[in-house]
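A short write-up of the structure that comes next.
The values are calculated or read from the model by the stated rules, or taken from the named source; none is laboratory data. Since the model is a prediction, treat every value here as computed from it, not as a measurement. Cβ placement follows ideal geometry from the backbone for every residue including glycine, while neighbour counts extend to all protein chains displayed.
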Amino acid sequence: MEKNLNPNIDPRIKFKLLPPATIIKNFVDGEPDCNYENYLLELLNKSSHFKDKGQSPFSKPLNENNGQCDAISKSYEIDFKLLSSSTRLQASHLFSMGISNYGGGIIGIHESKKKFGEVKATQIHVAFRTRDISEFTRLGENFLNIRKYGIKRDIIKVLKMLEKQKNLLLFFPYSFELIDILETDNSDDIIVSALNYDFHSLFEYRSLKAKEFETYFVTIFQDRFYIFSILDDTLCLIEKLDCMSLPTFIKLKNYHL
């Protein structure tokens with residue numbers, strides 16, 4: 001989603017990684033709800049689509065020791081997966097100001113764990129945009145010979161996630177917006193085209209490895225959660241939910257105001 005790469009990616013698209021409290025588990029000390037799975041569960045229970053599929057409210061399993069999914073209802077279950085690289089999340093964790101919730105409305109802000117230097121972080125959408133499914137297969141076969149840190153390791157971790165024999169909800173933790181929109185523009189088509197271009201090979205790999213299971217994709221566009229199903233390796237928009245309708249998401253986001 002950068003300029004002048006492909007006509008499928010409109011240069012007016014701007015995006016940024018969500019703040020760490022919303023995507024890194026336990027980033028805020030003293031905040032029991034600091035887990036993105038909590039607001040994704042709220043999303044399922046707000047969604048008309050998932051209400052129909054579930055036939056009852058979704059809830060967490062009592063435990064996940066036996067590999068249960070993150071969200072279970074009467075008729076459906078699904079696992080949540082964060083679609084980001086380990087190195088990108090690590091960079092966000094290291095260079096962001098620390099936060100503690102002391103209770104009673106008192107919040108502590110601390111220095112970041114790392115003040116200087118750099119972390120080479122993988123932008124997962126670019127990594128998948130520039131590779132095809134044959135390269136993913138080779139990476140998987142050569143897994144043991146790949147060093148423990150870097151872009152190939154990040155890609156392999158995502159591939160292993162996609163191989164899970166479960167229904168998956170892939171959460172791409174970015175917030176998108178379009179600038180200089182014209183009345184004639186279809187903003188939904190613009191963002192869907194860009195995402196399909198970036199992730200087509202990822203969707204192909206998921207279909208190859210787990211074709212019997214359903215896959216959903218969620219991201220944020222213009223302050224709404226966009227929920228997509230993936231059919232024939234292509235995103236299909238099924239629902240939009242206002243970010244304000246998910247109280248846990250808003251609470252975690254507000255730590256960064």
Exercise for the section: Mind counting the residues in segment 92-109 that are closer than 14 Å to GLU31 by Cβ and aromatic (Phe, Trp, Tyr)? Expected result: 1
Problem - Test: residue in segment 146-155 that is exposed (fewer than 11 other Cβ atoms within 10 Å of the Cβ), at pLDDT below 90 and over 29 Å from ASP189 (Cα atoms) - result: yes
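Can you name the residue in segment 35-89 that is acidic (Asp, Glu), in contact (Cβ under 8 Å) with a residue 60 or more places away in the chain and within 19 Å of ILE24 (Cα to Cα) and is also surrounded by the most Cβ atoms within 10 Å (Cβ to Cβ) among such residues?
Only one residue tops the list, namely ASP79.
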Exercise for the section: Report, by residue number, each residue of segment 1-32 that is modelled with pLDDT of 95 or more and surrounded by 15 or more Cβ atoms within 10 Å (Cβ to Cβ). Expected result: LEU17, LEU18, PRO19, PRO20, ALA21, THR22, ILE23, ILE24, PHE27, VAL28, GLU31
Problem - Residue that is farthest from MET161 (Cα to Cα) [pool: residues in segment 61-77 that are at pLDDT 95 or above and out of contact with any helix residue (DSSP H, G or I) (no Cβ under 7 Å at 6 or more places or on another chain)] - result: ILE72
Exercise for the section: Could you tell me which residue of segment 46-80 is farthest from the chain's Cα centre (by Cα), considering only residues that are of a type in the set (D, E, K, R), under 22 Å from CYS243 (Cβ atoms) and part of a loop (DSSP other than H, G, I, E, B)? Expected result: LYS60
Handout entry: Unmet criterion (only one of (1) over 28 Å from GLU163 (Cα atoms); (2) of a type in the set (Phe, Trp, Tyr); (3) under 16 Å from the mean Cα position of the chain (by Cα)) for TYR216
Key = (1)
Fill in the blank from the handout: Subset of segment 178-221, residues more than 26 Å from ASP132 (Cα to Cα) and at pLDDT below 95, comes to LEU178, ILE179, ASP180, ILE181, LEU182, GLU183, THR184, ASP185, ASN186, SER187
Practice task
Of all residues in segment 223-236, count the ones that are touching a helix residue (DSSP H, G or I) at 6+ places or on another chain (Cβ under 7 Å) and either at pLDDT below 95 or surrounded by fewer than 19 Cβ atoms within 10 Å (Cβ to Cβ) (or both).
Solution key: 4
Handout entry: Filter result for the condition that a residue is over 18 Å from the mean Cα position of the chain (by Cα), within 18 Å of HIS200 (Cα to Cα) and of a type in the set (D, E, K, R), over ASP132, ASP154
Key = ASP132
Exercise for the section: Tell me which residues, restricted to segment 165-206, are among the charged types (D, E, K, R) and part of a loop (DSSP other than H, G, I, E, B). Expected result: LYS166, ASP180, GLU183, ASP185
Problem - Residues satisfying the stated conditions in segment 90-101, i.e. surrounded by 17 or more Cβ atoms within 10 Å (Cβ to Cβ) and either among the aliphatic types (A, V, I, L, M) or in a loop (DSSP other than H, G, I, E, B) (or both) - result: ALA91, SER96, ILE99
